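Asks: Provided herewith is a single structure, encoded as structure tokens, for subsequent inquiry.
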Amino acid sequence: DTGVSQDPRHKITKRGQNVTFRCDPISEHNRLYWYRQTLGQGPEFLTYFQNEAQLEKSRLLSDRFSAERPKGSFSTLEIQRTEQGDSAMYLCASSPGSLRSYNEQFFGPGTRLTVL
Amino acid sequence: KQEVTQIPAALSVPEGENLVLNCSFTDSAIYNLQWFRQDPGKGLTSLLLIQSSQREQTSGRLNASLDKSSGRSTLYIAASQPGDSATYLCAVGGPGTASKLTFGTGTRLQVTL
């Protein structure tokens, strides 16, 4: 069990560019969540996958944001035409999905995005 | 819409003190409640998870309680140490079994020598 990993850890981009982040969940965790955290705030939910199916999306996830989990393993989050307001820490979490686990979520180290 | 509030926003205590962090939530229809620790610029580390049917959970020097009907949880830290300095986040999940977590804004704790 190597934990949830995220890549890259830091990304600096210019306004208007596209960026893509990757999340590798804990092996055999079938639920995967994306959250966004701005300075001094708690994380806010963006979207959730059960295996490869995207089951819930927040209103925070504008049409510039898209997330995929093509084979039910790793996930990608893409932001198109980045804006300065997109600057935040993007966190990924996974959970086993069994009733026994009570949906305990385990978080990765995050990707810090800075949009200049 | 679920709202989570944490009080105090910041706390500074001398080493060795016992302390209590508070969390309140507006909708009692929760599935679980998790307490996390976050170090500056880092991800979240899960400390304790309380199922909605439980009243408390303990792990080492940490004890978390849950009073679902009143919408409150507390995290008790015994014999605080400088290494406990971090931001502590409370998050509630539910009502569904796969629901997202709704977070408070955290309590920033500093334990001084």
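Asks: So which strands (runs of 3 or more DSSP E) stay within region A:1-103 end to end and still have 1 or more residues that are farther than 27 Å from B:TRP35 by Cβ?
Replies: So the answer is A:5-7, A:10-13, A:19-24, A:53-57, A:65-68, A:75-79.
Asks: Can you give me the number of residues within region B:40-58 that are part of a strand (DSSP E or B), more than 9 Å from chain A (Cβ to nearest Cβ) and surrounded by fewer than 16 Cβ atoms within 10 Å (Cβ to Cβ)?
Replies: Of the residues in that region, 2 qualify.
Asks: Can you find a residue that is surrounded by fewer than 14 Cβ atoms within 10 Å (Cβ to Cβ), under 11 Å from the mean Cα position of the chain (by Cα) and either more than 9 Å from chain A (Cβ to nearest Cβ) or within 26 Å of A:HIS10 (Cβ to Cβ) (or both) anywhere in region B:10-23?
Replies: yes
Asks: Additional query: Considering region A:40-73 alone, what residues qualify as being aliphatic (A, V, I, L, M) and free of Cβ contacts under 8 Å to residues at least 24 places away in the same chain?
Replies: A:ALA53, A:LEU55, A:LEU61
Asks: Look through B:ARG108, B:ARG37 and report the one residue that is assigned to a strand (DSSP E or B) and touching a helix residue (DSSP H, G or I) at 6+ places or on another chain (Cβ under 9 Å).
Replies: Result: B:ARG37 is the single residue among B:ARG108, B:ARG37 that is assigned to a strand (DSSP E or B) and touching a helix residue (DSSP H, G or I) at 6+ places or on another chain (Cβ under 9 Å).
Asks: So, in region B:90-110, exactly how many residues are over 18 Å from A:SER95 (Cα atoms) and either buried (at least 17 other Cβ atoms within 10 Å of the Cβ) or more than 11 Å from the chain's Cα centre (by Cα) (or both)?
Replies: Within region B:90-110, residues that are over 18 Å from A:SER95 (Cα atoms) and either buried (at least 17 other Cβ atoms within 10 Å of the Cβ) or more than 11 Å from the chain's Cα centre (by Cα) (or both) number 6.
Readers should treat all values here as calculations from the given coordinates under stated rules, not as data from a laboratory. The model shown is predicted, which means the values in this text are computed figures rather than measured ones. Every residue, glycine as well, gets a Cβ built from its backbone with ideal geometry; the counts of neighbours run over all protein chains shown.
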